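Down below is the structure, laid out as structure tokens.
The values are calculated or read from the model by the stated rules, or taken from the named source; none is laboratory data. Only a predicted model underlies this, so the values are computations on that prediction, with no experimental measurement involved. Cβ atoms come from the backbone with ideal geometry, glycine included; neighbour counts cover every protein chain shown. Just so you know, the surface numbers come from the protein's heavy atoms only, side chains and all, with ligands and any DNA or RNA stripped out. Shrake-Rupley method; radii C 1.70, N 1.55, O 1.52, S 1.80 Å.
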Amino acid sequence: QVQLVESGGGLVQPGGSLRLSCEVSGSMFRIYAMGWYRQAPGKQRELVAHITSGVTTNYAESVKGRFTISRDNAKNTVYLQMNSLKPEDTAVYYCNTKPPNWSWGQGTQVTVSS
């Protein structure tokens, strides 16, 4: 049973930065494309960034140039560096494969507010 544990969220002012981490249990992490998703109140969950097993990256237009996804296969961890945060980035952030194949973790709350 794969488990996803997201961390690194918090309250930050507009223009600030956060780095999210997602640790994945299991030995097959390296073969999967991984994504960061987010869900704001009253909205559907959306994919904001993903990284292939070959480390090609892709981003939603809303975060392009501000967010960077990366992975460390030795640590079974995927990261999301978020810079120049905006209030509209406020959401619960989750990781999963892309497309999502595993049960969702608890997510990590990101709140951007002054």
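The K43 and V5 beta-carbon pair, evaluated with R₀ = 25 Å, returns a calculated FRET efficiency of approximately 0.60. Please report the carbon-and-sulfur percent of the accessible area for the range 18-86; probe 1.4 Å, protein heavy atoms only, DNA, RNA and ligands left out. That fraction is 47 percent.
Backbone N atoms of the range 80-102 closer than 20 Å to the 7 Å Cα→Cβ label point of S114 belong to residues 83-91.
Would you mind computing Rg(Cα) / (2.2 N^0.38 Å) for the chain, counting N as its residues?
On the way: Rg = 13.1 Å, N = 114, 2.2 N^0.38 = 13.3 Å.
With N residues counted in the chain, Rg over 2.2 N^0.38 Å equals 0.99.
Any idea what the alpha-carbon Rg over 2.2 N^0.38 Å comes to for the range 70-110? Could you put the intermediate results ahead of the total?
Working: Rg = 11.9 Å, N = 41, 2.2 N^0.38 = 9.0 Å.
For the range 70-110, the normalised Cα radius of gyration is 1.32.
Compactness of the range 36-91 was expressed as the Cα radius of gyration divided by 2.2 N^0.38 Å, which yields 1.17. The distance between label points at M28 and N83 comes to 3.6 nm (points 7 Å beyond Cα on the Cα→Cβ vector).
Excluding same-chain neighbours fewer than eight residues apart, the lysines reachable from K43 by a Cα-Cα span under 21 Å are K64, K86, K98.
In square angstrom, what is the accessible area per residue of the chain with a 1.4 angstrom probe? Provide the component values of the computation, followed by the final result.
On the way: 6000 Å² over 114 residues.
Per-residue value: 53 Å².
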